[in-house]
Structure formats: C-alpha cells, structure tokens
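To keep things clear, I will list the structure first and then write my remarks on it.
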C-alpha cells in the first residue's frame, strides 16, 4: 500500500520513534487536532458544497475522537501533552500550489493537500503498526491506519468531483513528485510527518 506516494518512509524512522514515544504521541495528538480544524475550515470556506459539508461534519467528529484516543494514551502513561511544534512537512507541502485562483481552484488545492497529508499519515501509521515493539500501541496504529486510508480517498475523490478530472490528476501527480523531494530531507524526527 503506497497510496500513490513516490518515496516510502525510511524504516529506521520507527527506531527514532521507539526512543521517543512521548514525543510522537504529543505530535500525533496535534495532527488529529489539525485534521479536525482543516475539516471545519473547509465547512466555513465552502458552505455551498453540500456533500462536502456533510462529509466534513462527520470527519470533524472522527478526528476529534481520534484526538481524544491519543490524548487518553498520553494520560494513561502518566504524561501530559506538550506544546505544539511547527509541522515542517505541512509547511513545505502547502507551499506547492500558487496562492489565489478561482474558488474552485482554491478548493481543489486544499483537498489535494489534505489527501496527501492523510496518505502520508496512513503510511506512517502502517509502519508503526507493523514495527513498534509496544504491541498495544502497534494495534492502536493499525486501527487508525484503516480510517486514514478512507480519508485520503475521500479528499482525492472530492478534488476530482469539483475540479476538471484530467487537470486534477495532473496536479496530484505533480504534488506527489514534489512531496517525494520534501521527504528526502525529513524522516529523522519523532514526529508523524517529520
């Protein structure tokens, strides 16, 4: 399952995570928060897209429930959630498309970014589910991986629905190639995307 991603995560990333479980859980908690706020932002920005709004309402509930699950894991282990850090991956990715354009273009770009971030999260969760020595956490990530895969296909499907298919597919392929370049410099931190 490569999810269209052109560069797989270096498996050694899991070794970094193993030594920093507290860090990865805090970073992951913020990722779920941001996923919920992305869905809310799409509702606020594009209220006239009825089907999108319905799906985003469901997504907000799901991402917030994931946030609670991760937060509970942090508390169960006797930790408390640290402060948010910059997500260098997301910052780099969201510079790809030029700003501006029609409302439809802006919507398609935001949907493609969201699809890509979900695809990479899903790939990382798969690695964690297969390689973490902590079996309880490995199972936790296996369950999350399944729902993340659905999010990726949903966002990509909406981009193809609201944009012109051939153009959207061309943009998606360009974004994937760019993401592979970004990933060459990442994968050395105990963060979900780093």
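Once the mean 1/r over all distinct Cα pairs of the chain is inverted, what Kirkwood radius in angstroms do you read off? Every distinct Cα pair counted, the radius reaches 17.1 Å. Using R0 = 45 Å, the C-beta based FRET efficiency linking residue 69 and residue 166 works out to 0.70. Taking Cα atoms only, the orientation of helix 135-162 departs from the longest principal axis of the chain by about 10 degrees.
Whole-percent P(r), the stretch 105-174, all Cα pairs, 10 Å bins from 0: 23, 40, 22, 13, 2. Legend: calculated FRET efficiency, residue 104 to residue 153, from the Cβ-Cβ distance at R0 = 22 Å, rounded to 0.05, equals 0.60. Relative to the first principal axis of the alpha-carbon coordinates of the chain, what is the inclination of helix 21-45, with its axis defined by its Cα atoms, in degrees from 0 to 90 and to the nearest 10? For 21-45 against the chain, the angle is about 20 degrees. Taking every alpha-carbon pair in the stretch 23-65 and binning the separations at 5 Å intervals from zero gives 6, 26, 28, 18, 11, 6, 4, 1 percent.
Sorted into 5 angstrom bins from 0, the C-alpha pair distances of the stretch 66-105 split as 5, 17, 14, 14, 13, 11, 11, 8, 5, 1 percent. Using only the alpha-carbon atoms, how far is helix 103-131 inclined from the longest principal axis of the chain? Give it as 0 to 90 degrees, nearest 10. With both axes taken from Cα atoms, the answer is about 20 degrees. Which whole-number percent is the relative contact order of the chain (Cα, under 8 Å, 6+ apart)? Relative contact order of the chain: 34 percent.
Each peptide in 125-134, 94-103, 164-173 was scored by the mean count of other Cβ atoms within 10 Å over its residues; highest first, the order is 125-134, 164-173, 94-103. Under 18 Å from the 7 Å Cα→Cβ point of residue 76, by amide nitrogen: which residues of the stretch 133-150? Correct set: 133-147.
Going by a ≥ b ≥ c, the root eigenvalues of the Cα gyration tensor, does the stretch 1-78 fall in the rounded group (a/c under 1.5), the prolate group (a/b larger than b/c) or the oblate group? The shape class here is oblate. Give me the log10 of I(q) over I(0) for the stretch 55-169 at q = 0.13, 0.19, 0.20, 0.21 Å⁻¹, as the Debye formula computes it from C-alpha points; what are the numbers? Result of the Debye calculation: -0.62, -1.14, -1.21, -1.28.
Every read-out reported here was derived from the displayed coordinates using simple, explicitly stated rules and does not represent laboratory data. Since the structure is predicted, the reported quantities are computational estimates derived from the model, not experimental observations. In this analysis, Cβ positions are derived from the backbone assuming ideal geometry, glycine residues included, and neighbour counts consider all displayed protein chains.
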